[in-house]
Amino acid sequence: QVQLVESGGGLVQAGGSLRLSCAASGRTFSGYAMGWFRQAPGKEREFVSAIRWSGSTYYADSVKGRFTISRDNAKNTVYLQMNSLRPEDTAVYYCAAARSQYRLGNSAAYDYWGQGTQVTVSS
């Protein structure tokens, strides 16, 4: 089992920044790909970003150039730096871990999920 705990969400004005963190515990973090998804009210959960164990990164078109994913394997933590935030970025953000390094844009690829952290961007 891998336990994931997100933090760093909150309320920010449009154009502002937030950094989300996801701390992993339990089984070794080693070898897992990590992803961030989000779910806005009344909408389906959508892919935001992912990072392979190798460090390769992937982004949804909607956040490319504004968000940056990174990981600190020594701290078992993955981060999502979110800049130039927009009201449409408002959602609950979920961290997820996948043993597979492929199809990381698909939520079905992930084995473990955190409980989410709320991000609200005001206009």
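The values are calculated or read from the model by the stated rules, or taken from the named source; none is laboratory data. None of the values given here were measured: they were computed from a predicted structure. No Cβ is skipped: glycine too gets one built from the backbone with ideal geometry, and neighbour counts run over all protein chains shown. Accessible surface areas use protein heavy atoms only, side chains included; no ligands, DNA or RNA. Shrake-Rupley method; radii C 1.70, N 1.55, O 1.52, S 1.80 Å.
Values computed for the structure shown
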| read-out | value |
| --- | --- |
| Table column - 3J(HN,Hα) (Hz), the stretch 11-22, Karplus curve with 6.51, -1.76, 1.60, x for Gly and Pro | 9, 9, 7, 4, x, x, 10, 9, 10, 8, 10, 9 |
| Principal axis dimensions, largest first and in whole angstrom, of the stretch 83-123 by Cα | 38, 19, 15 |
| Stokes-Einstein diffusion coefficient of the stretch 34-87, Kirkwood radius over Cα pairs, 25 °C, 0.890 mPa s, in µm²/s | 206 µm²/s |
| Charged-residue dipole, Cβ positions (Lys, Arg, Asp, Glu), the chain about Cα centre, Debye nearest 20 | 240 debye |
| Selection of chymotrypsin sites (Phe, Trp or Tyr not before Pro), the stretch 33-123, meeting DSSP coil and at most 10 other Cβ within 10 Å | Y102 |
| Radius 11 Å from Cβ of V121, net charge of other residues (Lys, Arg +1; Asp, Glu -1) | -1 |
| Accessible area per residue, Å², the chain with all protein chains present, probe 1.4 Å | 51 Å² |
| Share of carbon and sulfur in the accessible heavy-atom surface of the chain [1.4 Å probe, %] | 45 percent |
| For the chain, projected area of the alpha-carbon convex hull averaged over all directions, nm² | 6.7 nm² |
